[in-house]
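Asker: One structure follows; several queries about it will come next.
The values are calculated or read from the model by the stated rules, or taken from the named source; none is laboratory data. Only a predicted model underlies this, so the values are computations on that prediction, with no experimental measurement involved. Reconstructed Cβ throughout: ideal geometry from the backbone, glycine too, with neighbour counts over all protein chains shown. Surface accessibility is based on the protein's heavy atoms, side chains included, excluding ligands, DNA and RNA. Shrake-Rupley method; radii C 1.70, N 1.55, O 1.52, S 1.80 Å.
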Amino acid sequence: YIPDGKFMLQAGDKIYVVASSTELVLLMEDLCIKRHRVRDVMLIGGSHMAVHLAKMLCKTGVRVRILEVDEKKANFLAEILPGVVVVHADGTDQRVLQAENIEAMDSVVTLTNVDEENLVVSLFAGQRGVPQVITKLSRVEYTDLFRGQGLDCIISPKQLCTQAIVRYVRAMQ
């Protein structure tokens, strides 16, 4: 739901805001929201998106750990991301996640190319008490169903791209 000027937040509402980091800080100050600083993030899957996200997070001082099942890709990621801990392991395996101390993470982001894996790992992370779990889904048909199961932050590259194009077209008018 995209609110208009008449919209009033209610107790228990969850909001998602996309803005520059400076604007987000100002919004949080205006709303008197205390924020928990994210210090440790685990990325499941070494996709292109994971590489870009890891670089951005490292610039802000966040410690990043990537779990990648493909050994060649894991080695490549370790070379190009010097400040990131890259683990050659199956990030969808619960024993691996526990061994990598998923419970201590401030955030887990599932970025594999398999929606079902992302969903299962995200549910597991939520069950283990990870404060912020972000799930990438290519198919958005089931988004509402899984939000009801505790997955509150679901992103879709297709949806984000579509929204960016719509914003651009509207700005041109």
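Asker: What FRET efficiency comes out for the pair Asp70/Leu9, r = Cβ-Cβ distance, R0 = 35 Å, nearest 0.05?
Answerer: Rounded to the nearest 0.05, the efficiency is 0.20.
Asker: Sticking with this one: In a Gaussian network model over the chain where Cα atoms closer than 10 Å are linked, find which of Ile102, Ile80, Ile33 has the largest mean-square fluctuation.
Answerer: Fluctuation is largest for Ile33.
Asker: Here is a follow-up. Where does each of 83-91, 106-114 land if you order them by average Cβ count within 10 Å, highest first? Before the final figure, lay out the partial values.
Answerer: Values: 83-91: 18.3, 106-114: 21.2.
The most tightly packed comes first, giving 106-114, 83-91.
Asker: Can I ask one more? Ranked by accessible surface with a 1.4 Å probe, highest first, in what order do Met42, Met172 come? Don't jump to the answer; show the numbers that get you there.
Answerer: Working: Met42 0, Met172 130 Å².
Correct descending sequence by accessible area is Met172, Met42.
Asker: At a Förster distance of 35 Å, what's the computed FRET efficiency of Ala19 paired with Ser138, Cβ-Cβ distance as r, to 0.05?
Answerer: E between Ala19 and Ser138, to the nearest 0.05, is 0.90.
Asker: A follow-up question, please. Would you calculate, for the chain, the mean residue ellipticity at 222 nm contributed by helices, counting each DSSP H stretch of 4 or more residues as -39,500 (n - 2.57) and dividing by all residues, to the nearest 500?
Answerer: Helices in the chain give a 222 nm mean residue ellipticity of -12500 deg cm²/dmol.
Asker: Whats the longest run of the chain with zero trypsin sites (Lys or Arg not before Pro) that are DSSP loop and have at most 13 other Cβ atoms within 10 Å?
Answerer: Details: sites that count: Lys6, Lys14, Lys34, Arg35, Arg37, Arg39, Arg139.
The reported range is 40-138.
Asker: For an R0 of 30 angstrom, estimate the FRET efficiency from the Cβ-Cβ distance between Arg95 and Cys153 and round to the nearest 0.05. Display every interim value, and only then the final one.
Answerer: Numbers: r = 25 Å, r/R0 = 0.84.
The pair Arg95/Cys153 has a calculated efficiency of 0.75.
Asker: While we're on this one: Which label belongs to the value computed from this structure, given these candidates for mean projected area of the Cα convex hull in nm²: (1) 13.4; (2) 14.2; (3) 11.7?
Answerer: Answer by label: (3).
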